[in-house]
1. Please tell me if Gly274 is open to solvent by less than 10 Å² (accessible area, probe 1.4 Å) and in a loop (DSSP other than H, G, I, E, B).
2. Any residue at all in segment 518-533 that's closer than 28 Å to Trp105 by Cα and among the β-branched types (Val, Ile, Thr)?
3. Testing Ala281 on (1) within 27 Å of His51 (Cα to Cα); (2) in a helix (DSSP H, G or I); (3) of a type in the set (Gly, Ala, Ser), one condition comes back false. Which one is that?
4. For the condition at pLDDT below 95 and more than 19 Å from the chain's Cα centre (by Cα), what is the one hit in Asp258, Asp321?
5. Considering segment 78-111 alone, what residues qualify as being of a type in the set (Gly, Ala, Ser), assigned to a helix (DSSP H, G or I) and surrounded by fewer than 23 Cβ atoms within 10 Å (Cβ to Cβ)?
6. Residue by residue through segment 331-360, note down the ones that are of a type in the set (Phe, Trp, Tyr) and part of a loop (DSSP other than H, G, I, E, B).
7. Residues of segment 559-613 being more than 20 Å from Leu629 (Cβ to Cβ) and small (Gly, Ala, Ser), which ones?
8. Using the structure shown, decide if Gly230 is among the small types (Gly, Ala, Ser), open to solvent by 10 Å² or more (accessible area, probe 1.4 Å), over 25 Å from Pro290 (Cβ atoms) and part of a helix (DSSP H, G or I).
Amino acid sequence: MPNRLAAETSPYLLQHAENPVDWYPWGEEALRTARESGKPILLSVGYSACHWCHVMAHECFEDPEVAAVMNELFVNVKVDREERPDIDQVYQAAHQLLAQRAGGWPLTMFLTADQVPFFGGTYFPKEPRYGLPGFVDLLRRVRAFHDERREAVAAQNGELVAALARTQPRGGAHPSEFSDAPLAEAFDFLVGIHDGERGGFGKAPKFPHPDMIETCLRHWARTGEAKALGMATATLARMAEGGVFDQLGGGFARYSTDDDWAIPHFEKMLYDNGPLLRLYADAWAVTGEPLFARAVEGTAAWVMREMQSAEGGYFSALDADSEGEEGRFYVWTREEVEAALSPEERAVVIPHYGFDRPPNFEGRAWNPVVARPLADIAAELGMPGGEAAAHLASARAKLLAVRERRVRPGRDDKILTAWNALMIGGMARAARVFGREDWLASARRALDFLHAAMWDGERLLAARRGDLPPLPGYLDDYAFLLAALLEMAQADFRPADIEWAEALGDALLESFHDDAGGGFFFTAHGHERLILRPKPGHDNATPSGNGVAAWALNRLSYLSGETRFRNAAEGTIALFWPALERSPTGFGSLLAALEETIRPPTTVIVNGPEEALAPWREALRGEYLPSALVLFTGSAAGMPPPLAKPAGPAVNAWVCEGVTCLAPVGEPGRLRETLNAPKMPGYAPTPNRSA
């Protein structure tokens with residue numbers, strides 16, 4: 001018999017609808033049942049593409065013996081962390097305090113009826129393993145502790161709630177106290193944890209950490225320190241050559257289980273791929289490296305092929321598993337590869353993707369990686385480079401066609417506003433850098449979908465899937481979408497986008513801003529009351545909502561002329577300033593906002609006849625300008641005063657720093673010289689360079 005989750009629309013909750021566990025979705029029914037029954041709550045948080053969530057589900061939640069104990073002892077509540085990031089955020093923070101280590105998914109927390117956790121962990125096996133207790137034994141011990149040590153539980157709960165409150169940012173500073181010291185200190189920390197041999201930061205499991213890569217790129221653009229550029233490009237290169245990048249179908253998996261980026265957990269998340277698209281486009285603009293162009297092209301193609309709905313919105317994720325096995329869709333036997341390809345293709349592909357080496361996936365199969373450069377293989381075969389590239393391209397197409405006939409991993413087809421915004425920003429940036437109208441059209445379709453389906457003229461929805469009940473938007477939805485609109489304005493300027501950006505800025509101030517303490521709450525005023533109302537500052541799996549809000553509102557203030565946006569941005573940085581001074585690590589988004597607060601972004605308005613703008617677009621198409629907004633406004637009318645520059649019969653470019661503008665520039669080459677975009681030493685751009 002299906003349980004209560006059968007009435008839900010979340011793909012993750014529906015995965016558990018046939019469990020013998022008497023699951024409740026989060027809501028008043030579950031909380032009331034806990035209060036009336038005296039049972040504690042077992043809260044399980046995960047998401048549909050999560051590999052270890054599947055493992056625990058198969059081992060525990062699908063097992064009638066385990067389910068019987070769960071049903072007897074607890075009120076069991078399932079939460080999709082992507083639909084309810086507010087709940088996930090609160091209980092991840094609580095787990096860190098209780099366990100003194102970071103959490104993750106699945107998150108397994110035991111709560112009293114008043115929603116306060118008294119014990120927790122992440123994955124638990126049915127039987128003792130990996131140094132973890134067996135789940136059934138753990139369930140009995142936790143319930144006994146709850147029943148027999150009520151006073152101790154109550155005392156601990158009071159301490160936990162107080163400790164959670166202390167995690168909120170406090171203090172503050174005046175903007176006159178801001179300096180670039182945290183920017184330098186954050187980079188010095190990244191130098192210390194950078195893997196100079198394999199790229200990335202820290203040891204396995206290795207995550208892409210787009211915020212850290214961007215911190216390095218911005219540091220190089222600001223200071224010219226070559227080491228910063230080297231760290232960023234080495235990391236991007238090793239990821240693009242590794243198995244964390246889908247060498248056949250494009251797109252990046254969430255993280256690598258090894259130091260070499262070879263074997264990921266194979267789930268692909270929209271929120272990673274949007275920022276990575278932007279970073280690879282930026283890195284190509286700086287270096288002209290063909291590897292970076294291939295990563296952009298492959299990822300953009302995957303997004304449009306597999307992740308964009310007919311209505312335009314982007315889906316959330318692809319599962320790691322298919323047919324009950326992780327990676328089954330993506331890995332190969334040598335026999336499968338040889339059967340699909342011609343002798344000429346095999347001669348190139350087998351050494352290029354490492355099929356001539358020992359199996360790299362569980363000792364039995366291969367996940368393709370770039371094991372040897374194509375140029376070396378071509379030289380060894382006595383084959384022209386172009387011919388080798390053609391064989392590689394035809395082989396990839398054949399292997400991809402074979403793979404498409406396999407049972408596909410599940411796709412989480414709900415549409416999340418925040419994650420769509422991250423992908424819109426990445427696609428728009430890549431389209432602008434590479435001059436790709438198809439990528440721009442994809443981003444525009446997604447943006448139009450959000451405007452039609454997720455925005456009522458005043459408020460955003462967080463998620464949409466089928467008949468999903470309306471979920472009110474969170475801080476990330478507003479902040480990320482505002483940032484995406486500013487990126488779209490640079491790729492495809494429309495006055496309506498600036499109007500929407502101002503409306504989002506106003507909604508941020510009205511619904512999320514703390515007028516007394518500064519900064520932004522994660523949930524809107526009037527949202528369901530939880531045991532904590534966070535003001536997140538650190539970047540985690542996604543960027544910090546406060547950091548992105550401060551960065552985007554500061555920029556919006558220079559486009560709109562509205563100082564209230566700038567004041568809110570400065571107040572947000574002021575709130576987090578003590579933390580930035582003390583330990584800036586992990587605050588990449590806030591650091592970018594700090595950088596553009598110390599020195600206002602450069603705003604470039606290029607106006608004049610639309611038909612004459614093409615040379616100007618081309619002049620700046622591939623430039624890396626991290627602290628500039630370049631708007632090709634044409635002859636658009638009805639714009640905010642800062643954008644309403646005098647337009648004549650010829651094109652002019654207005655370069656402004658903050659509120660101070662230089663004399664108009666009348667020639668595309670002079671504009672590029674004026675902006676002085678940073679370049680890799682020895683790198684000379686050419687008008688028609690390509691990958």
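1. Values: open to solvent by less than 10 Å² (accessible area, probe 1.4 Å): yes; in a loop (DSSP other than H, G, I, E, B): no.
When the stated conditions are applied, Gly274 does not pass them.
2. yes
3. Of the numbered conditions (1) within 27 Å of His51 (Cα to Cα); (2) in a helix (DSSP H, G or I); (3) of a type in the set (Gly, Ala, Ser), the odd one out for Ala281 is (1).
4. Checking each option against the conditions leaves just Asp321.
5. Ala93, Ala99 - these are the residues of segment 78-111 that are of a type in the set (Gly, Ala, Ser), assigned to a helix (DSSP H, G or I) and surrounded by fewer than 23 Cβ atoms within 10 Å (Cβ to Cβ).
6. Step one: of segment 331-360, the residues of a type in the set (Phe, Trp, Tyr) are 332, 353, 355.
Scanning segment 331-360 gives Tyr353, Phe355.
7. Kept after step one, since they are more than 20 Å from Leu629 (Cβ to Cβ), are these residues of segment 559-613: 571, 574-587, 609, 611-612.
Once the filter is applied, which keeps residues that are more than 20 Å from Leu629 (Cβ to Cβ) and small (Gly, Ala, Ser), segment 559-613 yields Gly571, Ala574, Ala579, Ser583, Gly586, Ala612.
8. Details: among the small types (Gly, Ala, Ser): yes; open to solvent by 10 Å² or more (accessible area, probe 1.4 Å): yes; over 25 Å from Pro290 (Cβ atoms): no; part of a helix (DSSP H, G or I): yes.
Here the answer is no, as Gly230 does not meet what is asked.
The values are calculated or read from the model by the stated rules, or taken from the named source; none is laboratory data. Here the structure is a predicted model, which means the values were calculated and not measured. Here Cβ is always computed from backbone atoms with ideal geometry, including for glycine, and neighbour counts include all displayed protein chains. Accessible surface is based on the protein model in full, side chains and every heavy atom, while ligands, DNA and RNA are left aside. Shrake-Rupley method; radii C 1.70, N 1.55, O 1.52, S 1.80 Å.
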